[in-house]
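Peer 1: The structure under discussion is supplied below as structure tokens; questions concerning it will follow.
The values are calculated or read from the model by the stated rules, or taken from the named source; none is laboratory data. Treat the numbers as computed from the prediction; the structure is a model and nothing was measured. Because the Cβ atoms are built from the backbone with ideal geometry, glycine has one as well, and the counts that use them run over all protein chains shown.
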Amino acid sequence: MKARPWVGILAFQGDFAKHQEVFAKLGCRTQLVKASWQLANIDCLVIPGGESSVIDRFVKSQQIADPIKEFAATKPIWGTCAGMILMATQVENDPGLTPLSLLNITVDRNGYGRQYDSFVRERSSRRRSIRN
């Protein structure tokens, strides 16, 4: 029987709880990662979606960027949405963000603006009439 992998999920901001739930349903053991020492206990790392600039600030404040890069030299990392933005080598439209340069891509960060503005909503063309 194959051992269940330990999946680390960077848990600074974003949808890390949903990622943890899904990996647990897949039979993986999960560890929420908030400090560099926790990287030693996992087999792979997920950087979830969320607000890339917020996650970037946490990565910087916790000084975990270099440990993540060292981890990536020998173990897999998967980034979803904001996680992919952070993994890129170059990020357009956000000069303050410092990408981890783990994936040789250039990302055009969120053409709609901030995450709050990143949705499309259809408006009904019907007007309601109010009758007395």
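Peer 1: Can you name every one of the helices (runs of 4 or more DSSP H) wholly within segment 43-115 that holds 1 or more residues which are closer than 21 Å to ALA11 by Cβ, of a type outside the set (S, T, N, Q) and touching a Phe, Trp or Tyr at 6+ places or on another chain (Cβ under 7 Å)?
Peer 2: Here the list reads 52-61.
Peer 1: For segment 52-79, give me the residue count where each residue is β-branched (Val, Ile, Thr), surrounded by fewer than 17 Cβ atoms within 10 Å (Cβ to Cβ) and over 15 Å from LEU39 (Cβ atoms).
Peer 2: 1
A quick yes/no check of all residues on (1) at pLDDT 95 or above; (2) not small (Gly, Ala, Ser):
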| site | (1), (2) |
| --- | --- |
| PRO76 | yes, yes |
| VAL91 | no, yes |
| GLY96 | no, no |
| THR106 | no, yes |
| SER124 | no, no |
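Peer 1: Hey, another quick one. Tell me which of these ASN41 doesn't satisfy, since it passes every other one: (1) touching a Leu at 6+ places or on another chain (Cβ under 7 Å); (2) over 17 Å from GLY79 (Cβ atoms).
Peer 2: Here ASN41 meets the rest and fails (1).
Peer 1: For segment 72-96, give me each residue that is in contact (Cβ under 8 Å) with a residue 40 or more places away in the chain and either touching a Leu at 6+ places or on another chain (Cβ under 8 Å) or among the basic types (Lys, Arg) (or both).
Peer 2: GLY83, MET87
Peer 1: Scan segment 2-24 and report the pairs whose first residue is free of Cβ contacts under 8 Å to residues at least 12 places away in the same chain and whose second residue is surrounded by 18 or more Cβ atoms within 10 Å (Cβ to Cβ) and not charged (D, E, K, R), with Cβ atoms within less than 7 Å and a gap of 6+ or a chain change.
Peer 2: Matching pairs, first to second residue: ALA24/THR30.
Peer 1: Given the criterion surrounded by 12 or more Cβ atoms within 10 Å (Cβ to Cβ) and modelled with pLDDT of 95 or more, identify the matching residue among ILE85, ILE42.
Peer 2: ILE42
Peer 1: A follow-up question, please. Applying the selection to segment 8-39, what residues are part of a strand (DSSP E or B) and over 14 Å from the mean Cα position of the chain (by Cα)?
Peer 2: ARG29, THR30, GLN31, listed by residue number.
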